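The values are calculated or read from the model by the stated rules, or taken from the named source; none is laboratory data. The structure presented is a predicted model; accordingly, all values stated were derived computationally and were not measured. Quick reminder, even Gly has a Cβ in these numbers, built from the backbone with ideal geometry, and neighbours come from all protein chains shown.
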Amino acid sequence: MYRNWQSRVEQERTHTKKIGRRAVFGLIIAVFLLLVSIYAIRFVTISRLQQQVATLTVKEQGALDEQVALRARLAKKDDPHAIEDVAREKLGLMKPGEQLIIFVKGD
């Protein structure tokens, strides 16, 4: 009977060790999956932010180009030749004594 009892205790210990090992293995797998999911979320976030940076960089360059063009137009606002060009081309004005000639295309 002592031998059966000792055998039974040994089986219990072996069973407990197996359960402990499985629990540790399960915990390791859970931590690994958690780390992988955190990495994946961060990777997606970083990729999205990099796309936003690229888009904003393009928009910034467009705004800077427009700013340069506007500054050039502003610099010409007091130029008499530029004012005359706008008056003639956009407004259709002419100086006193000039005649406006309009060319019509023929068939």
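Observations
- Among the criteria (1) loosely packed, with under 10 Cβ neighbours inside 10 Å; (2) aromatic (Phe, Trp, Tyr); (3) not in a loop (DSSP other than H, G, I, E, B), the one Phe103 does not fulfil is (3).
- Among the residues examined, Ala63 does not qualify as at pLDDT below 95, assigned to a helix (DSSP H, G or I) and on the phi < 0 side of the Ramachandran plot.
- Flag for Leu35 being surrounded by fewer than 10 Cβ atoms within 10 Å (Cβ to Cβ) and either of a type in the set (Gly, Ala, Ser) or in a helix (DSSP H, G or I) (or both): no
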